[in-house]
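The values are calculated or read from the model by the stated rules, or taken from the named source; none is laboratory data. Predicted model, so just to flag it, every value in this text is computed and none were measured. Glycine also receives a Cβ, built like all others from the backbone with ideal geometry; neighbour counts cover every protein chain displayed. To get the accessible areas, we keep the full protein, side chains included, count just its heavy atoms, and leave off ligands, DNA and RNA. Shrake-Rupley method; radii C 1.70, N 1.55, O 1.52, S 1.80 Å.
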Amino acid sequence: MASLQAWIYLMLDTFVGAATPLTRLQLDNAAKIVNIPAQWLWAVYTVETAGYGFLPSRKPKILFERHIFYRYIKRPIDDISDPQPGGYGAGGEHQYERLEKALEVDYDAALMAASWGIGQVMGFNYKYASFDTVEAFVSAMRISEELQLLASLSFMCNANPRMLNALRNSDWKTFARMYNGPNYANNKYDLKLHGASQMPLPDFDVRAQRLTASYGA
């Protein structure tokens with residue numbers, strides 16, 4: 001059944017969605033809900049995905065994590081399943097090539113082993129992101145950057161409320177450890193967050209034009 005589900009996904013190109021860009025109003029409204037300056041909230045997405053949640057193909061940005069997939073299937077497979085993290089290869093569409101291989105092995109596990117959208121929330125965190133199934137979570141990631149952003153905020157609220165408190169207090173080290181993992185310092189995640197938080201917000205109208213202009217490129 002898993003292989004059949006994967007085949008249906010691929011044949012229908014299900015990962016392609018509306019890919020609606022985020023607006024400044026949507027960011028401001030989300031920031032008000034969690035009582036965090038929009039500039040600091042945007043810093044998270046700047047570091048995670050350079051502030052863009054979709055590829056030119058209108059698929060959500062993803063990163064497939066082979067060590068997470070291994071946790072589910074318990075056996076090594078080429079570049080998609082290994083007890084050690086890494087082996088990512090190129091970004092962009094290459095990550096979907098890896099995901100598609102994994103879908104043929106275990107449908108749900110493959111979706112849970114990728115991080116999705118502008119906030120790069122892991123699929124296995126779908127419940128923390130306020131979805132009943134990983135399929136519903138992935139479907140929402142296709143629709144808009146606003147839904148991607150709201151999913152990441154739900155994850156922060158539900159996985160560990162101290163995450164939002166750390167972000168609210170610009171405690172970048174604590175937030176980095178909770179959001180990015182215990183090895184956050186290896187890639188200077190906290191320092192990148194601090195630097196991004198000092199940058200002005202982009203012009204969201206111009207940003208939306210650039211994103212939509214890239215579709216189909």
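In straight-distance terms, cross-link reach from LYS74 covers every one of the aspartates and glutamates whose alpha-carbon lies under 13 Å from its own, apart from those fewer than eight places away in the same chain; here that gives ASP82, ASP106. Note on ILE143 and ASP205: the model spin-label points, each 7 Å out from Cα along the C-beta direction, lie 2.7 nm apart.
Length available on full extension from ASN158 to ALA50: 0.36 nm per residue minus the Cα-Cα distance, which gives 36.4 nm.
Considering only protein heavy atoms and a 1.4 Å probe, what is the carbon-and-sulfur percentage of the accessible area of the chain? So the carbon and sulfur contribution to the accessible surface is 53 percent. Note that the stretch 106-184 presents 38 Å² accessible area per residue, ligands and nucleic acids not counted, probe 1.4 Å.
For LYS127, no lysines have a Cα falling under 17 Å of its own Cα, not counting residues fewer than eight places away in the same chain.
Charged neighbours of LEU27, selected by a Cβ distance under 15 Å, balance to -3 (K, R count +1; D, E count -1). Take the Cα of HIS94, go 7 Å toward its beta carbon, and the backbone nitrogen atoms of the stretch 107-125 under 18 Å from that spot belong to 114-115. Ranked by the mean number of other Cβ atoms within 10 Å of their residues, highest first, the peptides 160-167, 171-178 come out as 171-178, 160-167. P(r) for the stretch 42-120, from all Cα pairs and a bin width of 10 Å, is 21, 50, 25, 4 %, short bins first.
Applying 1/(1 + (r/R0)^6) with R0 = 25 Å to the Cβ-Cβ distance of LEU25 and THR212, what FRET efficiency is obtained, to the nearest 0.05? Calculated value: 0.90. GNM remark for the chain: springs join alpha carbons under 10 Å apart, and the peak mean-square fluctuation among ILE62, ILE77, ILE33 falls on ILE33.
Given the options GLU135, GLU146, GLU65, state which has the largest fluctuation in a GNM of the chain using a 10 Å cut-off (strictly under) for Cα springs. Among GLU135, GLU146, GLU65, the largest GNM mean-square fluctuation belongs to GLU135. With only the Cα atoms considered, the stretch 92-156 has a convex hull volume of 69 Å³ per residue. Taking 12 Å as the straight-line reach from the Cα of LYS59, the aspartates and glutamates in range (excluding those fewer than 8 positions away in the same chain) are ASP13, GLU93, GLU145.
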